[in-house]
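Heads up: the structure comes next, in structure tokens.
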Amino acid sequence: MSVDLLLGLQWGDEGKGKIVDVLTKNYDIIARFQGGPNAGHTLKFDGISHVLHTIPSGIFHPSALNIIGNGVVIDPVIFKGELDKLAPFKIDFAKKLFVSKKAHLILPTHRLLDAASEAAKGKAKIGSTLKGIGPTYMDKTGRNGIRVGDILLNDWKDRYEALRDKHLKMLSHYESQIEFDLEALEAVFFDSLKTLKALPLIDSEDFLHTAQKENKKILAEGAQGSLLDVDFGTYPYVTSSTTTAAGACTGLGIAPNTVGEVYGIFKAYTTRVGSGPFPTELFDEAGETMGRVGQEFGATTGRARRCGWIDLVALKYAIRVNGVTQLMMMKGDVLSGFKSIKVCTGYATKDGVIDHFPFSIEPENVSPVYTELPGWEEDLTQITAEDNFPESFKAYIAYLEKELETPIKIVSVGPDRKQTIFR
Ligand code: GDP
Ligand code: IMO
Ligand code: MG
């Protein structure tokens with residue numbers, strides 16, 4: 001059985017958590033394949049709103065299994081906090097949540113290194129979520145990392161101490177020193193490992209291969225978005241993992257020729273949190289309105305998200321890099337009331353207008369070229385059938401589908417599970 005993928009096509013926060021939650025009823029297994037607690041995936045149903053960071057967004061379904069794959073980096077402290085917050089829902093984690101032994105661990109000193117690195121960069125900082133993501137993936141590729149399976153080994157403490165001491169030496173090289181209480185951080189860290197150890201720690205690639213053989217339906221849940229991919233994103237203002245479709249193969253061990261549908265999810269406009277170029281960013285009332293109506297504040301850090309018009313150059317690029325077969329458009333409701341909607345169809349460069357995503361999209365190299373479409377006044381949030389959409393909204397969807405050459409199969413008109421229209 002093939003594995004379907006769900007991926008963000010912009011700079012993250014497209015609404016992946018909501019859609020995975022909506023789609024879980026069609027799947028037996030939901031598997032996260034990369035990223036870590038830098039992610040914040042919001043689910044809303046029955047009047048409650050819940051943010052998940054490491055736990056896959058299928059966790060609320062009564063029977064679906066949830067897997068944290070080898071490509072994910074886990075901070076056991078944040079992970080324990082997430083599990084504690086779910087206590088009221090009486091979920092039997094030992095039966096429903098499986099963790100790859102090959103997933104890497106975020107140590108307290110990884111977080112400190114992230115903070116020190118960002119402080120040292122000054123104005124050039126990435127705007128990292130400060131969760132230790134970069135340093136942990138660096139240790140992974142540098143072959144120094146500690147994996148979940150290591151905590152079961154007899155010499156685990158020695159391994160931990162060796163890496164911690166290395167990190168402490170690295171920290172001492174930074175010009176401006178950050179303050180920390182290592183003993184306190186370690187006490188919380190070691191305590192949280194008990195929670196992790198109580199879960200089924202598995203060879204997740206083998207688990208998934210068996211599930212595929214048994215014709216189980218599997219959905220791989222991405223974190224971040226294509227424009228934050230370490231290779232294809234706006235480097236260096238990216239995260240440290242492969243957020244694109246290929247990351248699902250390396251982050252779960254599924255073979256490329258067993259990938260089925262690739263769901264690409266995007267907002268009807270664009271947001272970005274943290275530093276880095278953003279050609280269609282707005283600094284006026286329109287951007288302020290998107291942020292206010294769309295409640296654009298980071299689900300992980302609470303930072304205000306930067307807002308701007310939709311960017312078809314970037315979206316087409318993301319669709320190609322991922323091989324997207326179906327699109328899902330989120331938050332069209334936020335644009336109600338705009339007289340006209342701008343759509344970026346090209347970038348003006350010193351060599352003329354281009355429609356491909358170039359090496360650099362810094363403001364000195366590209367500026368957006370827009371087409372304008374009529375807006376709509378109507379509130380979309382109560383609409384339950386496509387036929388009832390205002391004509392201008394229908395035209396916006398049709399225009400995007402034509403330009404992107406990919407069908408938009410889901411239109412989301414609000415944060416709740418129920419505010420989801422299938423086409
Ligand atoms: P994720 O990281 O991709 O899962 O997205 P986030 O949860 O970080 O951010 C998406 C935000 O938009 C959350 O607050 C969602 O509750 C909210 N949201 C999702 N879909 C819609 C929608 O169609 N309309 C509105 N207004 N909000 C939405
Ligand atoms: P979800 O899964 C939006 C951004 C950070 C920063 C850059 C690097 O909720 O869509 P990192 O902590 O990964 O080293 O930060 O990436 N970033 C996200 N932005 N949504 C996310 O996840 C993000 N995860 C990281 O703001 O600019
Ligand atoms: Mg998010």
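Note on region 210-234: residues that are within 16 Å of ligand 3 (Cβ to nearest atom) and not charged (D, E, K, R) amount to 8. Summed over region 121-148, the residues that are surrounded by 14 or more Cβ atoms within 10 Å (Cβ to Cβ) and part of a helix (DSSP H, G or I) give a count of 10.
So how many residues does region 346-367 have that are touching a residue at least 40 places away in the same chain (Cβ under 8 Å), of a type outside the set (A, V, I, L, M), touching a strand residue (DSSP E or B) at 6+ places or on another chain (Cβ under 6 Å) and open to solvent by less than 40 Å² (accessible area, probe 1.4 Å)? Qualifying residue count, region 346-367: 1.
For region 255-290, enumerate the residues that are free of Cβ contacts under 8 Å to residues at least 40 places away in the same chain and either away from ligand 2 (no atom under 15 Å from the Cβ) or buried (at least 18 other Cβ atoms within 10 Å of the Cβ) (or both).
Passing the criteria: Ala255, Pro256, Asn257, Leu282, Phe283, Asp284, Glu285, Gly287, Glu288.
Within region 125-160, the set of residues being of a type in the set (A, V, I, L, M, F, W, C) and either touching a Phe, Trp or Tyr at 6+ places or on another chain (Cβ under 7 Å) or closer than 23 Å to His53 by Cα (or both) comprises Ile126, Leu130, Ile133, Met138, Ile146, Val148, Ile151.
Can you tell me which residue is most open to solvent (accessible area, probe 1.4 Å) among those in region 291-306 that are assigned to a loop (DSSP other than H, G, I, E, B) and not β-branched (Val, Ile, Thr)?
It comes out as Gln295.
You will find that of Thr239, Thr270, Thr243, the residue that is within 19 Å of Tyr370 (Cα to Cα), within 18 Å of the chain's Cα centre (by Cα) and within 16 Å of ligand 3 (Cβ to nearest atom) is Thr270 and no other. Within region 200-231, can you find the residues that are assigned to a loop (DSSP other than H, G, I, E, B) and more than 22 Å from Thr54 (Cα to Cα)? If the condition is that a residue be assigned to a loop (DSSP other than H, G, I, E, B) and more than 22 Å from Thr54 (Cα to Cα), then Glu214, Asn215, Lys216, Asp231 are the ones that fit. Scanning region 27-40 turns up no residue that is closer than 24 Å to Phe207 by Cα, surrounded by fewer than 24 Cβ atoms within 10 Å (Cβ to Cβ), more than 11 Å from ligand 2 (Cβ to nearest atom) and small (Gly, Ala, Ser).
Regarding region 307-315, can at least one residue be identified that is open to solvent by 30 Å² or more (accessible area, probe 1.4 Å) and either more than 27 Å from Asp21 (Cβ to Cβ) or within 12 Å of ligand 1 (Cβ to nearest atom) (or both)? Taking every residue of region 307-315 in turn, none turns out to be open to solvent by 30 Å² or more (accessible area, probe 1.4 Å) and either more than 27 Å from Asp21 (Cβ to Cβ) or within 12 Å of ligand 1 (Cβ to nearest atom) (or both). Within region 334-360, being more than 18 Å from Gly287 (Cβ to Cβ) and part of a loop (DSSP other than H, G, I, E, B) holds for Lys350, Asp351, Asp355, His356, Phe357, Pro358, Phe359, Ser360.
In region 32-43, the residues that are within 10 Å of ligand 1 (Cβ to nearest atom) form Cβ pairs under 8 Å with partners that are part of a strand (DSSP E or B) and polar (S, T, N, Q), at six or more places apart or across chains, as follows: Thr42/Ser49; Leu43/Ser49. Taking residues in region 138-158 that are farther than 18 Å from Ser117 by Cα, and partners anywhere that are small (Gly, Ala, Ser), the pairs with Cβ atoms closer than 8 Å and at least 6 places apart or on different chains are Arg147/Ala103; Val148/Ser100; Val148/Ala103.
Does Lys80 qualify as being open to solvent by 50 Å² or more (accessible area, probe 1.4 Å), in contact (Cβ under 8 Å) with a residue 12 or more places away in the chain and either within 16 Å of ligand 1 (Cβ to nearest atom) or not charged (D, E, K, R) (or both)? No, not satisfied. Here Val334 passes the criteria (1) open to solvent by 30 Å² or more (accessible area, probe 1.4 Å); (2) of a type in the set (Val, Ile, Thr); (3) under 23 Å from Leu6 (Cβ atoms) except the one numbered (1).
The values are calculated or read from the model by the stated rules, or taken from the named source; none is laboratory data. Being a predicted model, the structure only gives us computed values, none of them experimental. FYI the Cβ positions are ideal-geometry reconstructions off the backbone, even for glycines, and counts take in every protein chain you see. When the accessible area is computed, the model is the full protein with side chains, heavy atoms only, and any ligands, DNA or RNA have been set aside. Shrake-Rupley method; radii C 1.70, N 1.55, O 1.52, S 1.80 Å.
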